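S.K.: Sharing a structure with you now.
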């Protein structure tokens, strides 16, 4: 199979997924549409983790904090200052990027578990900070935002509108990340992950690239948080406790840490699997969810996308062997 054909097929697959995504809210229930919109709000944060952890090899656990920052930015600007909700999203991403830059520069010398501990501390501290500044965030009470219903000529309800906003932002984040990972930056990040000494020998500016990856990841997480505030209509510190940061990492692992498609699958799984676990046993949904995650991790250590790749390689190998045998028989 030629590479151009493979790329064309991949482009067709992306278009098919996007088309299905656009049509989904018009055939699914309002509840399911809401759940899908929530999953789409997680997707930018997971895409950021693909860049910094999957490609860059840095164990960063702070995307939950940047997600919360973006969510609160949108909520405060809409509720307190009357901003248009869409206009708040670039601000949420920009503010998270700036904070990510401030944190990323001094943490440059850290790696491995040291960086993990620093970002874990960020995830723990963030909810407490939002609780402290009650005059802005309303403390533990959280902030509810009211969005006007779409105009009648649009022929969609508020849930469908929120879903379509989440879909557009998710598609833009996916395209941006895919372009980054498939280009020079992606190759350089993989080189740093595999062997920093070799990367330096090829002229890679490791410091600059690590900071760029960290801030890009933070910006995407903040963008996703802004979308989350629009979709859910309410933000509170308890939404973004340490368990939420762990949920994002679980999504990364379940989907596949080095693939944009893995982020897509992971975002769907971290929303869908807990719902399915609750249907199995409402009282022990957390335990059921944990067991399902452990089982999936053992069955597919490289995530769902890695499992698909392995099956595809086996299929291609079998097909090649059969074709070769037939050719030899004819000869």
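Taken together, the values in this text are just the output of simple stated rules run on the coordinates, not laboratory data. Not measured: the values here are computed from a predicted model. Positions of Cβ are generated from backbone atoms using ideal geometry, with glycine treated the same way; all protein chains shown enter the neighbour counts.
S.K.: Residue 281 to residue 314: FRET efficiency via 1/(1 + (r/R0)^6), r the Cβ-Cβ distance, R0 35 Å, to the nearest 0.05?
M.R.: Numbers: r = 35 Å, r/R0 = 1.00.
Calculated transfer efficiency: 0.50.
S.K.: Also: Explain nothing, just the number: relative contact order of the chain, from Cα pairs under 8 Å at least 6 residues apart, as a whole percent.
M.R.: 31 percent
S.K.: To the nearest 10 degrees, how steeply does helix 285-299 sit against the main Cα axis of the chain, on a 0 to 90 scale?
M.R.: Helix 285-299 and the main axis of the chain meet at about 20 degrees.
S.K.: Here's something else I'd like to know. Would you calculate the convex hull of the Cα atoms in the stretch 199-303 and tell me its volume per residue in Å³? Walk me through the intermediate numbers first.
M.R.: Details: hull volume 14.2 nm³, N = 105.
That works out to 136 Å³ per residue.
S.K.: To continue, here is another question. For the chain, take the longest principal axis of its alpha carbons; what is the angle in degrees between that and the long axis of helix 3-23, to the nearest 10 within 0 to 90?
M.R.: 30 degrees
S.K.: Which percent of the Cα-Cα distances in the stretch 118-272 go past 28 Å? Spell out each step's value before the answer.
M.R.: Numbers: 4163 of 11935 pairs.
Across the stretch 118-272, Cα pairs with separations above 28 Å total 35 percent.
S.K.: Please find, in a Gaussian network model of the chain (springs between Cα atoms separated by less than 10 Å), the residue of 278, 173, 92 whose mean-square fluctuation is greatest.
M.R.: Maximum among the listed residues: 278.
S.K.: Assuming 0.36 nm per residue, please report the length gained on full extension of the stretch residue 15 to residue 149 beyond their Cα-Cα distance. Could the numbers behind the result be given before it?
M.R.: Working: separation 134, 0.36 × 134 = 48.24 nm, distance 2.92 nm.
Once the chain is fully extended between residue 15 and residue 149, it gains 45.3 nm.
S.K.: Also, I was wondering about something else. Hey, how many Å between the Cα centroid of the stretch 73-125 and the Cα centroid of the stretch 261-315?
M.R.: Result: 28 Å between the Cα centres.
S.K.: For the chain, state the semi-axes of the equivalent ellipsoid (square roots of 5 times the eigenvalues of the alpha-carbon gyration tensor), sorted largest first and rounded to whole angstrom.
M.R.: Working: eigenvalues 236, 136, 78 Å².
Taking √(5λ) for each Cα gyration eigenvalue gives 34, 26, 20 Å.
S.K.: As a footprinting exposure proxy, order 313, 190 by other Cβ within 10 Å, with the fewest listed first.
M.R.: Values: 313 10, 190 17.
Fewest-to-most Cβ neighbours within 10 Å comes out as 313, 190.
S.K.: In addition: Could you sort 80-88, 146-154 so that the peptide with the highest average Cβ count within 10 Å comes first and the rest follow in order? The partial results should precede the final answer.
M.R.: Values: 80-88: 13.2, 146-154: 9.6.
The most tightly packed comes first, giving 80-88, 146-154.
S.K.: GNM on the chain, C-alpha springs below 10 Å: top fluctuator among 225, 64, 54?
M.R.: 54
S.K.: Take the chain, connect every pair of alpha-carbon atoms lying under 10 Å apart with a spring to form a Gaussian network, then pick out the residue of 116, 197, 246 with the largest mean-square fluctuation.
M.R.: Comparing 116, 197, 246 in the GNM, the peak value goes to 197.
S.K.: For the Cα atoms of the chain, what angle does the longest principal axis make with the long axis of helix 63-79, in degrees from 0 to 90, nearest 10?
M.R.: So the helix axis and the longest Cα principal axis differ by about 40 degrees.
S.K.: Let me check against my output: what whole-number percent is the relative contact order of the stretch 215-293, with C-alpha pairs under 8 Å and at least 6 apart?
M.R.: On the way: 49 pairs, mean separation 12.8, N = 79.
About 16 percent, as a whole number.
S.K.: State the Kirkwood hydrodynamic radius of the stretch 114-177 in Å, one decimal place, computed from all pairs of distinct Cα atoms. Display every interim value, and only then the final one.
M.R.: Working: mean 1/r = 0.0649 Å⁻¹.
One over the average 1/r among Cα pairs gives 15.4 Å for the stretch 114-177.
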